[in-house]
Amino acid sequence: KQEVTQIPAALSVPEGENLVLNCSFTDSAIYNLQWFRQDPGKGLTSLLLIQSSQREQTSGRLNASLDKSSGRSTLYIAASQPGDSATYLCACDPIGWDSSYKLIFGSGTRLLVRP
Amino acid sequence: DVKVTQSSRYLVKRTGEKVFLECVQDMDHENMFWYRQDPGLGLRLIYFSYDVKMKEKGDIPEGYSVSREKKERFSLILESASTNQTSMYLCASSRTGAGDTQYFGPGTRLTVL
């Protein structure tokens with residue numbers, strides 16, 4: 001059964017710092033891995049999706065990498081800003097007869113960027 | 001841009017009431033999903049639908065039912081609301097099957113008193 005873990009659960013950094021959020025998964029049989037952002041009390045916004053055949057994806061100051069063999073993904077945020085403060089969730093889309101198209105989510109990393 | 005809308009942002013209901021949560025997507029997506037999100041438990045799938053009138057149970061379907069009469073609309077029904085169904089409910093849709101991005105709505109914060 002696929003399990004997704006995110007470490008750390010919370011992170012506080014000063015503005016301008018580069019930072020890395022970690023996501024690990026137990027089963028490498030995935031279609032893709034996706035990173036989401038969630039602001040307090042709001043829905044999820046998709047940031048980056050990495051297909052299983054890809055190693056990384058970039059969007060602006062965000063870069064996500066995927067290493068299926070080690071069961072890890074990282075989200076790199078360059079030059080962090082207070083507006084980046086949110087909870088970041090990773091989710092795997094598992095391959096399997098009972099996957100039912102559902103995503104398996106990590107519990108998230110709550111990021112605070114201090115001005 | 002894909003747009004997924006949910007009928008209410010905040011909802012307060014009483015124990016035993018029948019509750020309808022509505023979700024509409026405007027991109028002709030085949031799949032639609034209902035999740036609930038609770039502190040410490042993360043997002044859990046309640047039901048999903050891969051076609052009109054088709055539905056499949058997720059991880060926590062007990063106490064819920066769903067309806068998909070039209071492709072763009074997926075309703076979550078709480079037949080008799082209970083306090084343990086107080087939660088954030090998130091709807092999502094995706095174009096086809098496995099491997100496609102899921103797009104989420106803004107969420108409905110439901111409180112059952």
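The values are calculated or read from the model by the stated rules, or taken from the named source; none is laboratory data. Bear in mind the structure is a predicted one, so any value in this text is a computation, not a measurement. Because the Cβ atoms are built from the backbone with ideal geometry, glycine has one as well, and the counts that use them run over all protein chains shown. The protein model used for the area step is the full one, side chains on, heavy atoms only, and it has no ligands, DNA or RNA in it. Shrake-Rupley method; radii C 1.70, N 1.55, O 1.52, S 1.80 Å.
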(message) If I filter segment B:51-71 for residues that are of a type in the set (V, I, T), part of a strand (DSSP E or B) and more than 17 Å from B:D28 (Cα to Cα), do I get at least one hit?
(response) yes
(message) Could you check segment B:27-62 and list, in sequence order, the residues that are open to solvent by less than 20 Å² (accessible area, probe 1.4 Å), more than 14 Å from the chain's Cα centre (by Cα) and over 22 Å from A:P40 (Cα atoms)?
(response) B:H29
(request) State which residue is farthest from B:K13 (Cα to Cα) when the search covers only segment B:84-108 and only residues that are in contact with a Lys or Arg (Cβ under 7 Å, 6 or more places away or on another chain) and surrounded by fewer than 19 Cβ atoms within 10 Å (Cβ to Cβ). (result) B:P106
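Every residue, every condition in (1) more than 14 Å from the chain's Cα centre (by Cα); (2) in contact (Cβ under 8 Å) with a residue 60 or more places away in the chain, yes or no:
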site: A:Q2; (1), (2): yes, yes
site: A:N18; (1), (2): yes, yes
site: A:S24; (1), (2): no, no
site: A:G41; (1), (2): yes, no
site: A:Q54; (1), (2): yes, no
site: A:S70; (1), (2): yes, no
site: A:A78; (1), (2): yes, yes
site: A:D84; (1), (2): no, no
(message) Could you check segment A:15-46 and list, in sequence order, the residues that are over 20 Å from B:Q37 (Cα atoms), of a type in the set (A, V, I, L, M) and open to solvent by less than 50 Å² (accessible area, probe 1.4 Å)?
(response) A:L19, A:L21, A:A29, A:I30
(request) Check B:D100, B:D51, B:D59 and return the single one that is within 14 Å of another protein chain (Cβ to nearest Cβ), of a type outside the set (K, R) and touching a residue at least 40 places away in the same chain (Cβ under 8 Å). (result) B:D100
(request) State all residues of segment B:65-83 that are farther than 15 Å from B:Y47 by Cβ and open to solvent by 30 Å² or more (accessible area, probe 1.4 Å); if no residue qualifies, say none. (result) B:K70, B:K71, B:E72, B:S80, B:S82, B:T83
(message) Here is a check on your reading of the model: is A:L49 within 13 Å of chain B (Cβ to nearest Cβ), free of Cβ contacts under 8 Å to residues at least 24 places away in the same chain and crowded, with 16+ Cβ neighbours inside 10 Å?
(response) yes
